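Contents: one structure, followed by commentary.
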Amino acid sequence: MGAWQNFSTRPIADFRFGANLVGMWQATWRWIKRGTLAVIAFLALLGVIFCLFVAYEKHRLAQFSRTYERPLSEDLRTVQYAEPNGMLARLKPVQGTDNLRFAAIPSFGKRWFAVSVSVIKGQGVGEAVVTSPDGDVIRHEAFVLPKSELLLFLNQWDEVVDGYSGEGRSLTDGTLLAFERRHGPHITSGMGNSPCHYDVLGDWAAQTFEQYVPEMQDLRQPSLAMLLKTRFCNPSIFDLR
């Protein structure tokens, strides 16, 4: 009788054992899924944080080279960069209500430049100062150019600088260019050394004024058109260079 009872209860015990095993497997699988989802959520959060960091860093860096609606004298960085202030201080005070002044300082160049141009009494009037990096004056002279030529240059300048939001990366070398543009009550200014923006301005200035100031050929960039098409000037949003 006892043997029969043992024989009859064994399938029930096996069934219970199997049910417990299935239950343990289901519970383990639930924890695996929860753990996997937690890992995925954590990685997604890290991805979001990284994207936000990249966006913030690009925005922060862009503030150093963007165009501002203010005089250059209100840019606190001019206290650090004595070169642009020193060069621009060599120019006479600008005249008229339609003018531009800028300083261009190549990192490894032998000449630094400060230029001021204005529309006065129906003609273009300019002044240029060229110095060595040590401050010795190489050229300092005034020049006159056709009003139509100057206005074309100033219109091109405005098209590039107005609304420019800056470049979200930091560059150590290149030509530092600082400018202040006055057009009636509208004043814009900016400072930077990006070849994708400020070298464009310097190249246009050289093309326009090199006939009056031959040394400005130093600012010409023959390969600029090709550079503007490269990934250097069209970087990925995750590129922090």
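Of 194, 165, which residue is open to solvent by 40 Å² or more (accessible area, probe 1.4 Å) and out of contact with any Pro (no Cβ under 8 Å at 6 or more places or on another chain)? Testing whether each residue is open to solvent by 40 Å² or more (accessible area, probe 1.4 Å) and out of contact with any Pro (no Cβ under 8 Å at 6 or more places or on another chain) leaves just 165. Please specify each residue of the range 171-188 satisfying the condition of being surrounded by 15 or more Cβ atoms within 10 Å (Cβ to Cβ) and either over 22 Å from residue 91 (Cβ atoms) or touching a Cys at 6+ places or on another chain (Cβ under 6 Å) (or both). Residues satisfying the conditions are 171, 174.
Yes/no matrix, rows are residues, columns are (1) at pLDDT below 90; (2) of a type in the set (A, V, I, L, M); (3) in contact with a Gly (Cβ under 7 Å, 6 or more places away or on another chain); (4) crowded, with 20+ Cβ neighbours inside 10 Å:
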site	(1), (2), (3), (4)
95	yes, no, no, no
104	no, yes, yes, yes
108	yes, no, no, no
111	no, no, no, no
116	no, no, yes, yes
120	no, yes, yes, no
123	no, no, no, no
128	no, yes, no, yes
132	no, no, no, no
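When the strands (runs of 3 or more DSSP E) confined to the range 77-175 are screened for residues that are farther than 30 Å from residue 232 by Cα and among the small types (Gly, Ala, Ser), those reaching at least 2 such residues are found at 112-120, 123-131.
Scanning the range 45-93 for residues that are at pLDDT 85 or above and either open to solvent by 70 Å² or more (accessible area, probe 1.4 Å) or hydrophobic (A, V, I, L, M, F, W, C) (or both) yields a total of 10.
Picking from residues in the range 207-228 that are in contact with a strand residue (DSSP E or B) (Cβ under 7 Å, 6 or more places away or on another chain) and of a type outside the set (D, E, K, R), the one that is surrounded by the fewest Cβ atoms within 10 Å (Cβ to Cβ) is 212.
The values are calculated or read from the model by the stated rules, or taken from the named source; none is laboratory data. Computed from a prediction, not measured in an experiment: that's the story for all the values here. Every residue, glycine as well, gets a Cβ built from its backbone with ideal geometry; the counts of neighbours run over all protein chains shown. The protein model used for the area step is the full one, side chains on, heavy atoms only, and it has no ligands, DNA or RNA in it. Shrake-Rupley method; radii C 1.70, N 1.55, O 1.52, S 1.80 Å.
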